[in-house]
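My structure is below; once you've seen it, I'll send some questions.
The values are calculated or read from the model by the stated rules, or taken from the named source; none is laboratory data. Because the structure is a prediction, the values reported are computed rather than measured. Here the Cβ positions follow ideal geometry from the backbone for every residue, glycine too, while neighbour counts run over all protein chains shown.
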Amino acid sequence: MMECVQVVADELSLLRCGNKFEKVLERCNLDASRLGLEPLSVPRIRKPPARFTGTAEAHSAVTVSDYCKPQFFELIDTATLGLAQRFTESVGLQTFSKLEGILLIRQVDEAQLQAYSEIDGTDCTAACYVSSKIRYPHSF
């Protein structure tokens, strides 16, 4: 499962460049015209109060690309960060991964099994050996 998460994170990082954004924007415009929708446009620009800008000129996006690009990159950054927090930094998922390793790879971790009083480490090692012999008779 962790490999799948890494693949998704890698694909998201590939989207985080200007030419990919331009392709997505072009595709959105083509789909909008194909469906008979209004083309994408920049929303009406409101001048912020002077107390927020001072003497400086307020930044405003002139093109649809300038308006949507920061939002696109923020979306990708949020998704990548969410994947990292949910899957790689999760203590529960790391525990699950260790238990999965006990069953699939037969790596019995006595310290991990001490949290579960109903599982005996020696019985678990024997059970893993027997189950692997039943599933894979020519292993070992």
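With more than 21 Å from F73 (Cβ to Cβ), charged (D, E, K, R) and part of a helix (DSSP H, G or I) as the only criterion, which of E11, E38, E22, E3 stands out?
Sole residue among the options that is more than 21 Å from F73 (Cβ to Cβ), charged (D, E, K, R) and part of a helix (DSSP H, G or I): E3.
Can you find a residue in the range 43-63 that is in contact with a Cys (Cβ under 9 Å, 6 or more places away or on another chain) and either surrounded by fewer than 10 Cβ atoms within 10 Å (Cβ to Cβ) or farther than 27 Å from C4 by Cα (or both)?
Among the residues of the range 43-63, at least one is in contact with a Cys (Cβ under 9 Å, 6 or more places away or on another chain) and either surrounded by fewer than 10 Cβ atoms within 10 Å (Cβ to Cβ) or farther than 27 Å from C4 by Cα (or both), which makes the answer yes.
Which numbered condition in (1) surrounded by 14 or more Cβ atoms within 10 Å (Cβ to Cβ); (2) over 29 Å from the mean Cα position of the chain (by Cα) is the only one that L25 fails?
(2)
Moving to a separate point now. Look at G92 and say whether it is at pLDDT below 80 and exposed (fewer than 12 other Cβ atoms within 10 Å of the Cβ).
yes
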